[in-house]
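Below is one structure, written out as structure tokens; comments come after it.
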Amino acid sequence: MDDLDRAIINTLQDGFPIGDAPYAQVAASLAISAEDLLVRLQALLADGTLTRFGPLYNAEQAGGALTLAAVQVPEARFDEVTAIINAFPEVAHNYARSHTLNMWFVLATETPQQQQHTLAAIAGQTGLQVYNMPKLKEYFVNLKLEA
């Protein structure tokens, strides 16, 4: 990653313009072409420097639901259960933890009912109890990681 890649990442963490030519607008602020910006973004995604590039939505304001869930997975089944859980398109990300509940994942669904259905389906397919831990209060952190 060079200085321009760092500048791209840092710039895009401050927001993305909405308009007819948003990539051209960001590129102009970086003194590069929109094509160069797109090529660099694709390369950063391809090499794993970025794992995702896209908007963050408040699912609840759009009628959807988010929750944190956890399971206690026997070590011998960890890879198997990971594959089962990650196969659900509603699973946003999944983490291994050094805890009795050793697998935690975030679930994002279009409706609260779909959330309950998906949690039940995960429990059914894994044969494990799924602990649903919905947020009680939302905090806005505005985390930015300087590249």
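The values are calculated or read from the model by the stated rules, or taken from the named source; none is laboratory data. Model, not experiment: these values are computed from the prediction. We place every Cβ from the backbone using ideal geometry, glycine too, and count neighbours over all the protein chains shown. The protein model used for the area step is the full one, side chains on, heavy atoms only, and it has no ligands, DNA or RNA in it. Shrake-Rupley method; radii C 1.70, N 1.55, O 1.52, S 1.80 Å.
What to note about this one:
- Unit charges on C-beta of K, R, D, E only; dipole of the chain, Debye: 540 debye
- Sites listed here are chymotrypsin sites (Phe, Trp or Tyr not before Pro) in the range 1-64 whose DSSP assignment is loop and whose Cβ has at most 13 other Cβ atoms within 10 Å: PHE53, TYR57.
- Exposed trypsin sites (Lys or Arg not before Pro) absent: longest stretch of the chain, with sites in DSSP loops and at most 14 other Cβ within 10 Å deemed exposed: 1-51
- Percent carbon-and-sulfur accessible area, the range 92-147, ignoring ligands, DNA and RNA, probe 1.4 Å: 56 percent
- Database remark: amide H of MET103 closer than 5 angstrom to the amide H of VAL71, VAL73, ARG97 (H placed geometrically; neighbours at sequence offset of 5 or more, or on other chains; Pro and chain starts carry no H).
- Protection-proxy order for peptides 116-123, 12-19, each taking the mean of Cβ atoms within 10 Å per residue, highest first: 116-123, 12-19
- Over the range 1-96: Kirkwood hydrodynamic radius from C-alpha pairwise inverse distances, Å: 16.5 Å
- Rounded to the nearest 20 debye, the dipole magnitude of the range 62-147 is 240 debye, with +1 charges on Lys and Arg beta carbons, -1 on Asp and Glu beta carbons, and the Cα centre as origin.
- Of VAL91, VAL106, VAL39, the one that fluctuates the most in a GNM where the chain has Cα springs shorter than 10 Å: VAL39
- Solvent-accessible surface of protein heavy atoms, probed at 1.4 angstrom with all chains present, puts ASP36, ASP5, ASP20, ASP47 in the order ASP20, ASP47, ASP36, ASP5, largest first.
- Qualifying chymotrypsin sites (Phe, Trp or Tyr not before Pro) in the range 86-116, DSSP loop, other Cβ atoms within 10 Å at most 15: none
- Kirkwood estimate for the range 84-147, i.e. one over the average of 1/r between Cα atoms, Å: 13.5 Å
- Karplus (6.51, -1.76, 1.60) ³J(HN,Hα), θ = phi - 60°, over the range 129-137, in Hz, Gly and Pro reported as x: 6, 9, 9, 8, 10, x, 5, 9, 8
- Those GluC sites (Glu not before Pro) in the range 1-103 that DSSP places in a loop and that have at most 13 other beta carbons within 10 Å: none
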